[in-house]
Amino acid sequence: MKRHGLILFLVALLILPIMALNFTSCAKKAVTTEAPGISAEEKARQEAERKKREQAEREKAAAEAKKKAEAEAKLKEQQLAREKAAAYAQRALFLNQHVHFDFDKYTIKTNAEIVLRAKADYMKKNPKIAIEIQGHCDERGTLDYNLALGDRRANAAAKYLMSLGISQSRIETISYGEERPLNPGHNEDAWAENRRAQFLIISGE
Amino acid sequence: MKLHKVIGLTICLLIGLILSSGPASGRVYIDINQPFVRKIPLAAPDFVPLKSGGSAPVSISQGLPQMLSHNLDLTGLFIVLDKRTFLEVNKKAGITEGKINFKDWLMIGSELLIKGAYDITGNNLTLELRLFDVFEGRMLLGKRYTSVLKDGQAMITRFINEIMLILTGERGVFGSAIAFVNKQDQNKNIYMVKFGQKDTIKITNNRSLNLSPAFSHDGNELAYISYKTRKPELYVRRLSDGRERKVSSPKGLYISPQFTPSGAILVSISQSNYSNIYLLDGIGRIKRQLTRLWGINISPTISPDGKRFAFVSDRAGTPQIYTASMTGGDVSRVTFEGEYNTDPEWSPRADRLVYVGAHGGRFNIYTIKSDGTDRQQLTSEEADDTNPCWSPNGRLIVFTSTRLGRSMIFTMTANGERQRPLALSLPGEQSSPTWSPVILD
């Protein structure tokens, strides 16, 4: 009895969808048979709806494409910004990291060599730029001697860059003696900061 | 040194002659064996009106005699007596022998008396100025000047030069030009002032650095370095009309120009390996290279006979002063003491150089004979004294000092006495003074 019931159930399961299919096909038939009866107005409405639907789909696709493109552009922009920031940082370092000297000296110190190597690298990465090296002194001593000393410092830095393969034609030198201190103080810290060769990009950017 | 003695002797003779019949006859005024001249006490009371009932602003009646006293003090030849010690109370005391009670001046120890009277008519000022020997009760010098009101200071400096001529046999240098650099808002421009006067004239006027002024020997031109086109260049400016020419033609940084008596220019040109000294003609062509060495060679200064020049070189590791012949040969080192000796200037009248020496981180002014002997320290303040330059007669030195908290121009005598700031009516900080070689008539 139990088994019989199960079989019936399975048959029902099979038949029911077939019936349903039959029913829908009957309904379809009914519609097509009715087709000649729909008005031109209704047809136009349906056509418009279809077009609207297609339009909406196109728009959706376009919007998605745009979104994707935007995301890509944003990524690229971020990438560029990162690169730009890095370049800016390198440029800032080039301009703001100075080569320092001992009092009354124009020999390049060991830690200054590291700074100068970074300058040479930057100039190799930016092969179009030309620079000016400004030589500066602290406020002590006499004006004329400090002008000469500043010039020697600028030239010492220039020569070091040239020894690293930078063309002389890309380097100009100038001395400001003690006229342009970075630190207006009158103590050893200020003096040490002010005894420097400073780098300026004058063309090629 | 020799000339110094001659002048000492001249004063002695003059005063001696004057006083030969006086009460202090036989008194030794100036001991010519001493390097320092005995200073003569002097009084310069307020000026009085020439005509009865005349009047003048305080800047004339008191300002001018004060300026006269201050300037005479700068020579180091006088002790200028304090006005508050004056005994003369007679309102009727005049400016002629008959109207002066010389005892009033004798009592306070004054040996020389300068009296002045003024008259102002419209915009014109007349000054009558008289120098008296107090012991003798006799006028040594009397002058009357008339000009526009603003020339009062110039009348005083002219009269002082006459006083110096009468007392020393040598005209003073008051009224001669001193050029210097004034710093304001990071810009440095060149100005001029007449020694002993207050009003300044602006020579350069641009928003950059204008440095190292140097007069030509006729006083008509001024060489200087300017950054006005960004790159420093050497210019020569004619003072009469301000016309100037660029003299720097060979490439390099020009430092410390100096004219030679013939109008050529000694200058250091700094290039990639060295700063060397060159002789340029008036339009900047190289006539001769005077130093040929690696390193720094700057600050040339020519000897009075034009045969040698002194300069600074770091060839021995530190900046020191050397001399060489005008062909660049026969180099001899002058300074050996200290690690830093710069800014030499050869005296126009003696075989001495004035220069800056550093000791214990302080920069002071010294003089030394060109053979390196007889070094004398002239300043010893807890400040930086730099840029010394001789007056045209070699009696005074003008220099820069920071002793009053900012950079200012000072003068002193050739042996370091009377270190006084120039009274300039100018805001800013001053440096790099240079004295015109011309002594005015």
Taking segment A:157-170, which residues are within 10 Å of another protein chain (Cβ to nearest Cβ) and either open to solvent by 10 Å² or more (accessible area, probe 1.4 Å) or over 14 Å from residue A:112 (Cα atoms) (or both)?
A:159, A:162, A:168
List the number of the failed condition for residue B:137; all other conditions in (1) surrounded by 19 or more Cβ atoms within 10 Å (Cβ to Cβ); (2) on the phi > 0 side of the Ramachandran plot hold.
(1)
Say whether the condition of being away from chain A (no Cβ under 12 Å) and open to solvent by 60 Å² or more (accessible area, probe 1.4 Å) is met by at least one residue in segment B:248-259.
yes
Within segment B:425-437, considering residues that are more than 14 Å from every other protein chain (Cβ to nearest Cβ) and in contact with a Ser or Thr (Cβ under 6 Å, 6 or more places away or on another chain), the one surrounded by the fewest Cβ atoms within 10 Å (Cβ to Cβ):
B:426
When segment B:56-69 is checked residue by residue, the ones that are surrounded by fewer than 19 Cβ atoms within 10 Å (Cβ to Cβ) and over 16 Å from residue B:95 (Cα atoms) are B:57, B:58, B:59, B:63, B:66
Criterion: more than 24 Å from the chain's Cα centre (by Cα) and closer than 30 Å to residue B:224 by Cβ - qualifying residue of B:123, B:161, B:187, B:182:
B:187
Could you check residue B:350 against (1) away from every other protein chain (no Cβ under 11 Å); (2) touching a residue at least 12 places away in the same chain (Cβ under 8 Å); (3) open to solvent by 30 Å² or more (accessible area, probe 1.4 Å); (4) out of contact with any strand residue (DSSP E or B) (no Cβ under 8 Å at 6 or more places or on another chain) and say which number it fails?
(3)
Test result for residue B:299, of a type in the set (Gly, Ala, Ser), under 25 Å from the mean Cα position of the chain (by Cα) and within 23 Å of residue A:150 (Cβ to Cβ)
yes
Look through B:219, B:196 and report the one residue that is outside the structural domain of residue B:64 (by TED's automatic domain parsing) and within 26 Å of residue B:283 (Cβ to Cβ).
B:219
Hey, can you tell me all the residues within segment B:327-347 that are under 29 Å from residue B:393 (Cβ atoms), away from chain A (no Cβ under 14 Å) and open to solvent by less than 30 Å² (accessible area, probe 1.4 Å)?
B:334, B:346, B:347
Any idea which residue in segment B:223-240 is surrounded by the most Cβ atoms within 10 Å (Cβ to Cβ), counting only those that are of a type in the set (A, V, I, L, M) and away from chain A (no Cβ under 14 Å)?
B:236
Only one of (1) open to solvent by 20 Å² or more (accessible area, probe 1.4 Å); (2) out of contact with any Phe, Trp or Tyr (no Cβ under 9 Å at 6 or more places or on another chain) does not apply to residue B:280, and that is (1)
Would you check which residues across segment B:101-122 are of a type in the set (Val, Ile, Thr) and within 24 Å of residue B:59 (Cα to Cα) and list them?
B:114, B:120, B:121
Which one of these is open to solvent by 10 Å² or more (accessible area, probe 1.4 Å), within 13 Å of chain A (Cβ to nearest Cβ) and either touching a Pro at 6+ places or on another chain (Cβ under 7 Å) or not basic (Lys, Arg) (or both): B:407, B:370, B:380?
B:407
Does any residue of segment A:173-196 turn out to be in contact (Cβ under 8 Å) with a residue 24 or more places away in the chain, surrounded by fewer than 24 Cβ atoms within 10 Å (Cβ to Cβ), within 14 Å of another protein chain (Cβ to nearest Cβ) and more than 28 Å from residue B:399 (Cα to Cα)?
no
Just need a number here: residues in segment B:129-153 that are touching a Gly at 6+ places or on another chain (Cβ under 7 Å) and modelled with pLDDT of 95 or more.
2
Can you tell me which residues in segment A:143-196 are touching a helix residue (DSSP H, G or I) at 6+ places or on another chain (Cβ under 8 Å) and among the aromatic types (Phe, Trp, Tyr)?
A:160, A:176
Of everything in segment A:116-140 that's within 14 Å of chain B (Cβ to nearest Cβ) and open to solvent by less than 10 Å² (accessible area, probe 1.4 Å), which residue is farthest from residue B:387 (Cα to Cα)?
A:132
Selection within segment B:260-275 - within 14 Å of chain A (Cβ to nearest Cβ), in contact with a Phe, Trp or Tyr (Cβ under 8 Å, 6 or more places away or on another chain) and either closer than 19 Å to residue B:392 by Cα or surrounded by 17 or more Cβ atoms within 10 Å (Cβ to Cβ) (or both)
B:266, B:267, B:268, B:269, B:270, B:274
Select, from B:115, B:99, the only residue that is without any contact (Cβ under 8 Å) to a residue 24 or more places away in the chain and under 24 Å from residue B:40 (Cβ atoms).
B:99
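The values are calculated or read from the model by the stated rules, or taken from the named source; none is laboratory data. Since we're looking at a predicted model, the values are computed, not measured. Every residue, glycine among them, receives a Cβ derived from its backbone with ideal geometry; neighbour counts consider all protein chains shown. All accessible areas refer to the heavy atoms of the entire protein, side chains included, with ligands and DNA or RNA removed. Shrake-Rupley method; radii C 1.70, N 1.55, O 1.52, S 1.80 Å.
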